[in-house]
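Notes follow the structure.
The values are calculated or read from the model by the stated rules, or taken from the named source; none is laboratory data. Source: prediction; values computed, not measured. Glycine also receives a Cβ, built like all others from the backbone with ideal geometry; neighbour counts cover every protein chain displayed.
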């Protein structure tokens, strides 16, 4: 198959391109200098003679989106719309990555958030990503929307790198324990994406996060230990101590039932996956 990957220079994009090339797939990797996804003309020119269009490009500056929502909308909603329309014209499958921020940030009555939960974004970032989901569904009948959350990886900045660096400089670290989610390695998201395509998964929305759930505090303790420090450096605190412009979901664990239903194994438990990822993410060789 011939793939086009936009946002190919980002944390997820780099891991996806590396995996696809290693698996012998034909890949055109397009970073921001190569393709402006907010230009319908540029997208129409780029997306031709292709089987799979994967959009890894996104405006992920959650707090900045609160003060410049149009900029976030341009990248998170308009861009995916143009890509999805071009994919449809090319007869290609469209893959769009979305986020836990499109859902209500509170714990459901039972279990994790299902794939068909109503969209209820509470932030500008969430609204623009929800609009991107809508656009892809509207423009590309053959699509996969993969929601991800709490991403970390080898390429670029991420929570584990920040925490490990701070642990080397400070005696203690205050980390919130009242936000629950699923730490997820970009390598695993890339692998799941390829497995969904090869399984010819039905059109629809899937959750591409690690299994289980954790607070940022729990995750930080694992990171600090992986970096060679005592987990006791990490102290619990609440979201009230770290007020930010954009509200953070208090509970964003996502269900993987649809993956199970179509015979695709979800990503493994977050602790196991972090143990596998830590050497590369923390550059421990």
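Could you list all residues from segment 1-16 that are assigned to a loop (DSSP other than H, G, I, E, B) and under 21 Å from the mean Cα position of the chain (by Cα)?
Just the residues of segment 1-16 that are assigned to a loop (DSSP other than H, G, I, E, B), to begin with: 1, 7-10.
7, 8, 9, 10, listed by residue number.
Looking only at segment 270-283, which residues are assigned to a loop (DSSP other than H, G, I, E, B) and touching a helix residue (DSSP H, G or I) at 6+ places or on another chain (Cβ under 7 Å)?
Passing the criteria: only 282.
Report the residue count in segment 249-264 for those that are buried (at least 19 other Cβ atoms within 10 Å of the Cβ) and in a loop (DSSP other than H, G, I, E, B).
4
(1) in a helix (DSSP H, G or I); (2) buried (at least 16 other Cβ atoms within 10 Å of the Cβ); (3) touching a residue at least 60 places away in the same chain (Cβ under 8 Å): which one isn't true of residue 267, the others all being true?
Here residue 267 meets the rest and fails (1).
To keep it simple, each residue is scored yes or no on (1) in contact with a helix residue (DSSP H, G or I) (Cβ under 9 Å, 6 or more places away or on another chain); (2) more than 19 Å from residue 147 (Cβ to Cβ); (3) part of a loop (DSSP other than H, G, I, E, B).
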| position | (1), (2), (3) |
| --- | --- |
| 38 | yes, yes, yes |
| 50 | yes, yes, yes |
| 57 | yes, no, yes |
| 60 | yes, no, yes |
| 78 | yes, yes, no |
| 84 | yes, no, no |
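Would you check if residue 57 is within 24 Å of residue 252 (Cβ to Cβ), modelled with pLDDT of 95 or more and touching a strand residue (DSSP E or B) at 6+ places or on another chain (Cβ under 9 Å)? Give the derivation first.
Details: within 24 Å of residue 252 (Cβ to Cβ): yes; modelled with pLDDT of 95 or more: yes; touching a strand residue (DSSP E or B) at 6+ places or on another chain (Cβ under 9 Å): yes.
When the stated conditions are applied, residue 57 passes them.
Residue 243 passes all but one of (1) in contact with a helix residue (DSSP H, G or I) (Cβ under 9 Å, 6 or more places away or on another chain); (2) more than 30 Å from residue 1 (Cβ to Cβ); (3) outside any helix (DSSP H, G or I); which number fails?
(1) is the only condition that residue 243 fails.
If I filter segment 106-125 for residues that are crowded, with 18+ Cβ neighbours inside 10 Å and without any contact (Cβ under 8 Å) to a residue 24 or more places away in the chain, do I get at least one hit?
yes
Among 162, 193, which is in a helix (DSSP H, G or I) and surrounded by fewer than 18 Cβ atoms within 10 Å (Cβ to Cβ)? Before the answer, list the steps.
Numbers: 193 fails: surrounded by fewer than 18 Cβ atoms within 10 Å (Cβ to Cβ).
Unique residue meeting the criteria: 162.
Working only within segment 17-36, note down all residues that are part of a strand (DSSP E or B) and loosely packed, with under 14 Cβ neighbours inside 10 Å.
Initially, segment 17-36 is screened for residues part of a strand (DSSP E or B), giving 26-30.
Hit for segment 17-36 is 26, nothing else.
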